[in-house]
Amino acid sequence: MADSVIHIKNLHKYYGNTKAVDDISFEVRRGEIFGLVGPNGAGKTTTIECIEGLRKPDSGNLKVLGLNPSGNSRLLKKSIGIQMQESELPDRIKVWEAIDLFSSFYNKTIKHDSLLKELGINDKKGAYFGRLSGGQKQRLFIALSLINDPELVFLDELTTGLDPQARRTAWELIKSINKKGKTIFLTTHYMEEAEKLCDRVGVIDHGKLVALDTPQKLISKIKAENRLIFSVAGTLDINKLKGMKSISNLEEVGGKITVYGHDKRMVKDVVNFLVNNDIDFYDLRTEQATLEDTFLALTGKQIRN
């Protein structure tokens, strides 16, 4: 399609008798943030490496910015930026030296100072890589992936290992990059991250693409149950709640009660029961279904680093 920057049709990749990528087809649209998630060993990394031109598929049709990555990798690299999961630099290289080094790889680059300023590390130009914080290192890797002003940017597990504050700062950076017209293809171990950032998410498992849609539609498709969580002062016979039609299941762990249900009346029914029976409760909160619930329903696995 004309608005697609990545087009994949019937992609296959084998390692011996193992099907790492098994007949995958999807497109990434220009200007979107597209996320690919999957358990370890699902075929996610192999798929990305085929798209980036780092690995040759065994069969299938693959176009990135209109080019075949396997046969046009040198030309393609001028228009894409890659931040790899295992990115690393020597501890004694300075930020400005890394920028100069990567700039030498391209005929066309953007202004270094404005890029570093935008990413919040302009004051670290003279600092050694080994003395940067985790968040600062990730910002530098983003800068290196953007130095050639690419149309398409790959961010592979960008926020793994970052503290929550640094992770959310990285989210804002990703959004700002996307607003400049860049298409972003990202992978992540954090379902909250994919849910908040991505326009569409593909879920891969056992080498197959098992779902692809917006985060909201993926969540709605599995009809995951909403949750009401609270604690009580004293004791509560949870069996008395089980007869309510609005409740599908409940559990008590460590004094915390979790009630599950699809019915919109669930919260009202439970609160009325507690009040009418003079049961003091606290720390009451509701939780809506999330992309994490969808992921678990589709793969049966908890995603891990």
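Please treat every number below as a calculation from the coordinates, not as lab data. Bear in mind the structure is a predicted one, so any value in this text is a computation, not a measurement. Cβ coordinates were reconstructed from backbone atoms using ideal geometry, including for glycine residues, and neighbour counts include every protein chain displayed.
Diffusion of the range 189-305 by Stokes-Einstein, at 4 °C in a medium of 1.567 mPa s and with Rh set to the Kirkwood radius over alpha-carbon pairs, works out to 81 µm²/s. Counted over the range 99-169 with a bin width of 5 Å, the fraction of Cα pairs per bin, in whole percents, is 3, 15, 27, 25, 19, 9, 2, 0.
Look at 262, 12 and count the other Cβ atoms within 10 Å of each Cβ; fewest to most, that gives 262, 12. If you take all other residues with their beta carbon under 15 Å from the beta carbon of residue 75, and give Lys and Arg +1 and Asp and Glu -1, the sum is +3. For residue 242, the lysines whose Cα falls under 23 Å of its own Cα, not counting residues fewer than eight places away in the same chain, are 223, 256, 264, 268.
Which net charge results when you count Lys and Arg as +1 and Asp and Glu as -1 among the other residues whose beta-carbon is under 13 Å from that of residue 130? Combined, the nearby Lys, Arg, Asp and Glu give +2.
Expressed to the nearest 5 percent, the antiparallel share of DSSP beta bridges inside the chain is 70 percent. The alpha-carbon of residue 94 sits under 23 angstrom from the alpha-carbons of these lysines, leaving out residues fewer than 8 places away in its chain: 108, 111, 117, 124, 125, 137. Using 0.36 nm per residue and subtracting the Cα-Cα separation, the extra length available between residue 127 and residue 260 on full extension is 42.7 nm. If Rh is defined by the Kirkwood formula over all Cα pairs and Rg also comes from Cα, what ratio Rg/Rh do you get for the range 225-288? Reported Rg/Rh, Kirkwood definition of Rh: 0.91. For the range 39-114, the set of trypsin sites (Lys or Arg not before Pro) satisfying both a DSSP loop assignment and a count of at most 12 other C-beta atoms within 10 Å is given as 92, 108, 111. By the beta-carbon count within 10 Å of each Cβ, the least crowded to most crowded order of 258, 188, fewest first, is 258, 188.
Which net charge results for the neighbourhood of residue 63, defined as the other residues with beta-carbon distances under 10 angstrom from its beta-carbon, given Lys and Arg at +1 and Asp and Glu at -1? Once positives and negatives cancel, what remains is 0.
Counting other C-beta atoms within 10 Å, and keeping those with at most 15, which DSSP coil chymotrypsin sites (Phe, Trp or Tyr not before Pro) do you find in the range 57-164? In loop regions of the range 57-164 (DSSP not H, G, I, E or B), the sparsely surrounded chymotrypsin sites (Phe, Trp or Tyr not before Pro) are 105, 106. Qualifying trypsin sites (Lys or Arg not before Pro) in the range 246-305, where qualification requires a DSSP coil assignment and no more than 10 other C-beta atoms within 10 Å, comprise 264, 304. Between residue 25 and residue 114, the simple label model (points 7 Å from Cα in the Cβ direction) yields a spacing of 4.3 nm.
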